[in-house]
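Colleague: Handing you this structure, nothing more for now.
FYI, it's all coordinate maths here, none of it is from the lab. Model, not experiment: these values are computed from the prediction. Please note: Cβ atoms are built from the backbone with ideal geometry, for glycine as well, and neighbour counts cover all protein chains shown.
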Amino acid sequence: MAELRYTLNTQLEQLHTRYTGTGHPDMTKYEWLQHQHRDTASAIIGHPSLLAYISVADNECQARERFEVIERMLQPCGKPPAKTDD
Amino acid sequence: MSEEEQPYRTLQTYSAPQELLDEHAEMADEENAPDVFEQTAKSKQVAARQSDYHLRRFNRTDGVGEGEDESYEDRMRRINLEREEERVRRYKEQKEKEDAEKGQGSKTLEGDKTPPRGLIGDETPPRGAKEETPPMDEAPKKKRRWDVEEPQVKQEEKPGEWSEQALEAAPKKRRSRWDQTPAEATTEAAPKKSRWDQTPSSDAVAVTGKTQEFTSTGVMMVEDKRYRRMTDEELDSLLPGKADGYEVVPVPDDYKPLPMVRKMVPVQASEQGFMMQDDADAAKARAAVGGIQGSDEQTEIEGIGTLQFLKPEDTQYFAKVLGEGGGEEEDVHYSLEELKERKIMRLLLKIKNGTPPVRKTALRQITDKARDFGAGPLFDKILPLLMERTLEDQERHLLVKVIDRVLYKLDDLVRPYVHKILVVIEPLLIDEDYYARVEGREIISNLAKAAGLAHMISTMRPDIDHVDEYVRNTTARAFSVVASALGIPSLLPFLKAVCRSKKSWQARHTGIRIIQQIAVMMGCAVLPHLRNLVDAIADGLQDEQQKVRTMTALALAALAEAAAPYGIESFDNVLKPLWLGIRQHRGKTLAAFIKAIGYIIPLMDPEYAGYYVRECMPILIREFQTSDEEMRRIVLQVIKQCAGTEGVSPTYIRDEVLPDFFRSFWVRRMALDKRNYRQLVETTTELANKAGVSTIVGKICNDLKDESEPFRKMVMDTITKVVANQGAADIDERLEVLLIDGIIFAFQEQTMEDNVMLEGFGTVVNALGGRVKPYLPQIVSMILWRLTNKSAKVRMLAADLTTKLAPIIKSNGEDQLLSKLGVVIFEQLGEEYPDTLGSLIAAEGAIANVVGMTQMNPPVKDLLPRMTPILRNRHEKVQEATINLIGRIADRGAEFVPAKEWMRICFELLDLLKAHKKAIRRAAVNSFGYIAKAIGPQDVLSVLLTNLKVQERQSRVCSTVAIAIVAETCGPFTCIPAILNEYRTPELNVRNGCLKALAWVFEYVGEMSKDYIHSVIGLLEDALTDRDHVHRQTACAIVKHLALGVAGLGYEEALTHLLNLVWPNIFETSPHVIGGVMDAIEAMRVGLGPGVLLSYVLQGLHHPARRVREVYWRMFNTLILGSADAMVPFYPDLGSKSDLAAGQDYTRHHLGYWV
């Protein structure tokens, strides 16, 4: 893999890191799942019918549901775990 | 000649006669024999082809030596001192001159006058009293950049260490007697011995090659055997011994000889005639580095690797790591610092001279270790190399690349070396090579980012008012690069201060030039800061120093050009001084002012522009008369810009400008200089846009019959452009006659090789359209006449003209003319000059194109067999024209030719697949498709499949493409069985070719592949499990196209099977293979959906081995970039009680809602 790091995949990897939601080999569980939650939230907002469904389930109007889903994207999984030693 | 008379046997191959070869070998042996290739070798050297101005970079000694920069204070002090010295020197010169003049009295300079124009016989109208242009036939004086002051030869300046070294290396030092090797003495002792049978005592003789003469810069440096340590016996034989009362003193304890100091001397003629090679270690080492002289061939050097070449300068520069004691095994004797140095030198040598793989690894090493080496040792080695006089383009490029990489790593550690780097890199900014300039800019901008603005300014500040104009020029350019790297706003306060400097006009001049360069480099990006930039330099227009005024005007011109068409409001402040200026100034300053106005006018509103044009036109018209070439070009440029603005009326142009314009500019002399030529054509075209076609064309069309050919060409060029822009509707009948007549004349008289006349002919005739009908018989008979001309070039031009005119002849309904042309050209196909033949075939093709295959005369069934043998012609132009014609016939009129003939052509076409030119290969491949359509795929396919067995890769690749095209045109079912069958051939190339062909087939047929996916699965299973990785790579390409083709058509089970076969390849390391595998997997994302792929990827995302994780995460990233939204339902549920207890809730509750 060593020589690949210097050729085409460097570009690919750099390209990947430009986007949110992409990961890397040293990603923690917390970071990865945060991305998943945010993806999920944006999927809900992006599909109005899904949003309507959720808002019915929560008994909120769609605008408030939307607002709350967006707000939740800030820390979707709660506070980050305390730093371990390593 | 009869058999007996023949002095030589007939040979298979021919070469020069032996006598001649011997003679040349002898000549080469002789001393001073001129080397024919010396010139080519020189042209590779950067310094050898640069102008004097560029070579002034070698005068810069301030930044070159080793070690760090001096402090800002020291440099400022030194620069001030230098400036003072310069001032005094000039004052003295001036004084001496004055004294001399006084002494001479008033001697008139009678011989100095240029004769009046009339005497020279130039027919251009007189240009007023002060005529200074030298007659054209005189050798032109070397041009100096016109805004540049006279370069002074700085005698008192100490030459750089490199030139010093070059001097000391001057060849032919007298050898003094006493240091000669004692070997000589022994031979003298036994004088009878002949030298031939003498066994050289092991290393007593110096190995010397043939004597060569070198220029002072290119002297061979070798380690001299005469400086080797003498043995005790030799010393004993030389010096008086104990018997004479002398004794040998023991070596003092504290004496430690420097380990590797070795003297280098120029190679000298051996004074001893023939010498045998000795076996000494040093000789071996030297031989290993390419013999004594360095070499142009690849050589393997121990501890370094394979080098592409080794120049004599390199052997000297890298002496420490070459030859004796240079190897890595010697490294134990050195201190840490020296070790670093040796390591760096080795890496640099590898990078500079190594073969690509060697160079690559070395470059990576030096980058990785840059911070360990440190800035000092690195730049102390790199920078002197870049100042080497014998540096070649390739070496410079590589060294610059090293600097770039190293800079990136060193970051702010580079600070102490900024000035030294700048001294070396700045010259790149004015190099004539575009890529060198770009590289230079790149380095300086990286340097600026690493060192920071404050440091850059304090480093470059002293150079801003440097005595040498060259230094100021390059510094200005470097500053503009810094500005673009760090942003104009951050540099603005500094620029403002410099442009208003009271201390020296040089500082103001450079400051303004920086702004000019910023405008040139950044283009419209100056717009946000335009007002600030203009205000910064505005005062320069009234500066007391003329050069500053000129530069200010030029900078304004550059700013206006960059800002066009916006930003006129920013120039408000300078309009008035500019306008006053063009009335006050003369000469260069006036030219610059006019230029500035020329660029500002197009930014104005129409009514203002009209007013200002009318204001400055009298001055422009006055300057029409000038003899200064630069001024003439500027005037032309400004006229063009004025004519282009809306506010200027056609009548104004016609009445006020054109008469003078034609009188002063449309003269033969203007056609001789390329820049004048281009500018005049552009300006006239722009004027024609305003004044109308007939006005301009009417004025110049008579000159089509002028006797000077360059002038005719210029006229034709202008007419072409004018007519192409505006059409020929404006041209009346009389002018039409004149025009056609002139064009025919000019075409017939053409001797130069370019297609200006041809283009012009085509453009004008096409623009006239139906109106050209009456002239066609005349034109065609001219073509027919010229097609049989004795000169090949005339025939070629006639054929080219036919190609151009064929459509217009057809549209005028003159079919008989076309058929006549067709027949005559057909008869000419025996042409022997390939260029002409190519044109003839192209012309025949053009005729066939417009008349159609059925009406074509000669009939296609005669034409095609005539083309078959021509296909064997090796000339590219012929090949291309032929293949185009054949392809056209195969496409439109294949039925007129028997199938047998087509098969013959098929075999000939295979050869064309080897052609260098892509257009030929493409045309050949397409022709296979047409032919297959005409005569059925079986035969063509078997030809192509057989061709997969050939050695040559390009031919095989083209065959695979052709197979795919046949499959596309005749349906995949005709080809796939044959390909599958052929795949069973136990031959690597054939199988690869089959796979490649299938990949193309599935790429071309797209959705149609759904009917064939099950048929090829067996083949793919075999290929994907093959040992050969190219097999697997190509199979992956097939899988990719299949997956994309059948996406959404319900073939998931087949695709899953294929994915399972592809998946084991994800850890491939070869870039192409892994690329192919990843492509296939990504195509699977489309074919199978991201959910399936995610379940594969999840297996390895958290693998304990990092290398495994790396690959899986890369795949995950491509998944998420491709279809993030679609993956939401497929993420695993990872919520757990322990996490919840720790405060993180990983469950996605929204997905659990149920209404």
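Colleague: Restricting attention to region A:48-65, and to residues there that are hydrophobic (A, V, I, L, M, F, W, C) and more than 9 Å from chain B (Cβ to nearest Cβ), which single residue is surrounded by the most Cβ atoms within 10 Å (Cβ to Cβ)?
Modeller: Filtering region A:48-65 for residues that are hydrophobic (A, V, I, L, M, F, W, C) and more than 9 Å from chain B (Cβ to nearest Cβ), the one surrounded by the most Cβ atoms within 10 Å (Cβ to Cβ) comes out as A:Leu51.
Colleague: Then there's this: Looking at (1) among the acidic types (Asp, Glu); (2) without any contact (Cβ under 8 Å) to a residue 24 or more places away in the chain; (3) within 14 Å of another protein chain (Cβ to nearest Cβ), which one does B:Glu1068 not meet, given that it meets all the others?
Modeller: B:Glu1068 satisfies all of (1) among the acidic types (Asp, Glu); (2) without any contact (Cβ under 8 Å) to a residue 24 or more places away in the chain; (3) within 14 Å of another protein chain (Cβ to nearest Cβ) except (2).
Matching residues to (1) within 30 Å of the chain's Cα centre (by Cα); (2) surrounded by fewer than 20 Cβ atoms within 10 Å (Cβ to Cβ); (3) polar (S, T, N, Q); (4) under 27 Å from B:Thr355 (Cβ atoms):
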position: B:Glu395; (1), (2), (3), (4): yes, no, no, yes
position: B:Tyr408; (1), (2), (3), (4): yes, yes, no, yes
position: B:Val424; (1), (2), (3), (4): yes, no, no, yes
position: B:Glu439; (1), (2), (3), (4): yes, no, no, yes
position: B:Thr459; (1), (2), (3), (4): no, no, yes, no
position: B:Val471; (1), (2), (3), (4): yes, no, no, no
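Colleague: Scan region B:687-709 for residues that are crowded, with 21+ Cβ neighbours inside 10 Å and closer than 24 Å to B:Asp628 by Cβ and report the count.
Modeller: Looking only at that region, the number is 1.
Colleague: Under the condition of being more than 10 Å from the chain's Cα centre (by Cα) and either outside any loop (DSSP other than H, G, I, E, B) or within 7 Å of another protein chain (Cβ to nearest Cβ) (or both), which residue from region A:24-47 is surrounded by the fewest Cβ atoms within 10 Å (Cβ to Cβ)?
Modeller: Narrowing region A:24-47 to residues more than 10 Å from the chain's Cα centre (by Cα): A:24-30, A:43-47.
After this cut, where a residue has to be either outside any loop (DSSP other than H, G, I, E, B) or within 7 Å of another protein chain (Cβ to nearest Cβ) (or both) as well, the list is A:24-25, A:29-30, A:43-46.
Values: A:His24: 16, A:Pro25: 17, A:Lys29: 14, A:Tyr30: 16, A:Ala43: 20, A:Ile44: 21, A:Ile45: 17, A:Gly46: 11.
Once the filter is applied, the top-ranked residue is A:Gly46.
Colleague: Name the residues in region B:1113-1155 that are of a type in the set (A, V, I, L, M, F, W, C), within 7 Å of another protein chain (Cβ to nearest Cβ) and farther than 21 Å from A:Leu50 by Cβ, would you?
Modeller: Of everything in region B:1113-1155, those that are of a type in the set (A, V, I, L, M, F, W, C), within 7 Å of another protein chain (Cβ to nearest Cβ) and farther than 21 Å from A:Leu50 by Cβ turn out to be B:Trp1113, B:Phe1116, B:Leu1121, B:Leu1134, B:Ala1142.
Colleague: Please work out if B:His1057 is surrounded by fewer than 18 Cβ atoms within 10 Å (Cβ to Cβ) and either more than 11 Å from every other protein chain (Cβ to nearest Cβ) or within 16 Å of B:His1041 (Cβ to Cβ) (or both).
Modeller: yes
Colleague: Assess whether B:Asp431 counts as being within 25 Å of B:Asp52 (Cβ to Cβ) and not in a helix (DSSP H, G or I).
Modeller: On the way: within 25 Å of B:Asp52 (Cβ to Cβ): yes; not in a helix (DSSP H, G or I): yes.
Yes; evaluated as a whole, the condition is true for this residue.
Colleague: Restricting attention to region B:1111-1153, which residues are within 19 Å of A:Leu15 (Cβ to Cβ) and either of a type in the set (Val, Ile, Thr) or surrounded by fewer than 19 Cβ atoms within 10 Å (Cβ to Cβ) (or both)?
Modeller: Listed by number, the residues that qualify are B:Val1111, B:Thr1118, B:Ile1120, B:Leu1121, B:Gly1122, B:Ser1123.
Colleague: Which ranges mark the helices (runs of 4 or more DSSP H) fully within region B:446-510 that have 1 or more residues being within 20 Å of B:Arg56 (Cα to Cα)?
Modeller: Here the list reads B:453-464, B:469-486.
Colleague: If we keep just the residues of region A:66-82 that are under 14 Å from B:His1149 (Cβ atoms) and facing chain B (nearest Cβ under 10 Å), which is nearest to the chain's Cα centre (by Cα)?
Modeller: Residue satisfying both the conditions and the ranking: A:Pro76.
Colleague: Oh, and also: With B:Ala362, B:Ala375 as the choices, which residue is within 23 Å of B:Lys449 (Cβ to Cβ) and of a type in the set (Gly, Ala, Ser)?
Modeller: B:Ala375
Colleague: Based on this model, can you work out whether B:Leu556 counts as buried (at least 16 other Cβ atoms within 10 Å of the Cβ) and under 33 Å from the mean Cα position of the chain (by Cα)?
Modeller: Working: buried (at least 16 other Cβ atoms within 10 Å of the Cβ): yes; under 33 Å from the mean Cα position of the chain (by Cα): yes.
Yes.
Colleague: Here is a follow-up. Hey, which of the helices (runs of 4 or more DSSP H) in region B:525-601, taking only ones fully inside, have at least 1 residues that are touching a residue at least 60 places away in the same chain (Cβ under 8 Å), of a type outside the set (Ser, Thr, Tyr) and over 23 Å from B:Leu495 (Cα atoms)?
Modeller: In region B:525-601, the matching helices (runs of 4 or more DSSP H) lie at B:587-600.
Colleague: When B:Arg1109 is evaluated against the numbered criteria (1) in contact with a His (Cβ under 6 Å, 6 or more places away or on another chain); (2) under 23 Å from A:Ala41 (Cβ atoms), which criterion, by number, is the only one it fails?
Modeller: Single failed check for B:Arg1109: (2).
Colleague: A further question follows. When you scan region B:1090-1105, do you find a residue that is of a type outside the set (Ser, Thr, Tyr) and within 7 Å of chain A (Cβ to nearest Cβ), even just one?
Modeller: no
Per-residue answers, yes or no, for (1) surrounded by 19 or more Cβ atoms within 10 Å (Cβ to Cβ); (2) among the β-branched types (Val, Ile, Thr):
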{"position": "B:Met796", "(1), (2)": "yes, no"}
{"position": "B:Lys810", "(1), (2)": "no, no"}
{"position": "B:Gly822", "(1), (2)": "yes, no"}
{"position": "B:Gln828", "(1), (2)": "yes, no"}
{"position": "B:Thr836", "(1), (2)": "yes, yes"}
{"position": "B:Ala848", "(1), (2)": "yes, no"}
{"position": "B:Met856", "(1), (2)": "yes, no"}
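Colleague: Would you pick out the residues in region B:703-717 that are assigned to a helix (DSSP H, G or I) and in contact with a helix residue (DSSP H, G or I) (Cβ under 6 Å, 6 or more places away or on another chain)?
Modeller: Within region B:703-717, B:Asp703, B:Leu704, B:Lys705, B:Pro710, B:Phe711, B:Arg712, B:Lys713, B:Met714, B:Val715, B:Met716, B:Asp717 meet the criteria.
Colleague: Being away from every other protein chain (no Cβ under 14 Å) and aliphatic (A, V, I, L, M) narrows it down to one residue among B:Val1016, B:Val1077; which is it?
Modeller: Sole residue among the options that is away from every other protein chain (no Cβ under 14 Å) and aliphatic (A, V, I, L, M): B:Val1016.
Colleague: Then there's this: Can you confirm whether B:Glu1053 is out of contact with any helix residue (DSSP H, G or I) (no Cβ under 7 Å at 6 or more places or on another chain) and over 27 Å from B:Ala962 (Cα atoms)?
Modeller: So B:Glu1053 passes the test.
Colleague: Could you go through region B:387-409 and let me know if any residue there is assigned to a helix (DSSP H, G or I), in contact with a Gly (Cβ under 7 Å, 6 or more places away or on another chain) and of a type in the set (Val, Ile, Thr).
Modeller: no
Colleague: May I ask you to list the residues in region B:894-926 that are over 18 Å from B:Val943 (Cα atoms) and assigned to a helix (DSSP H, G or I)?
Modeller: B:Ala894, B:Glu895, B:Phe896, B:Lys918, B:Ala919, B:Ile920
Colleague: Follow-up question, since we're still on this one. Could you give every pair whose Cβ atoms fall below 7 Å, whose first residue belongs to region B:829-851 and is at negative phi, and whose second residue is buried (at least 16 other Cβ atoms within 10 Å of the Cβ) and in a loop (DSSP other than H, G, I, E, B), counting only separations of at least 6 or pairs across chains?
Modeller: Pairs that qualify, where the first residue is at negative phi and the partner is buried (at least 16 other Cβ atoms within 10 Å of the Cβ) and in a loop (DSSP other than H, G, I, E, B), are B:Pro834/B:Asn873; B:Leu837/B:Glu831; B:Leu840/B:Glu831; B:Ala848/B:Met856.
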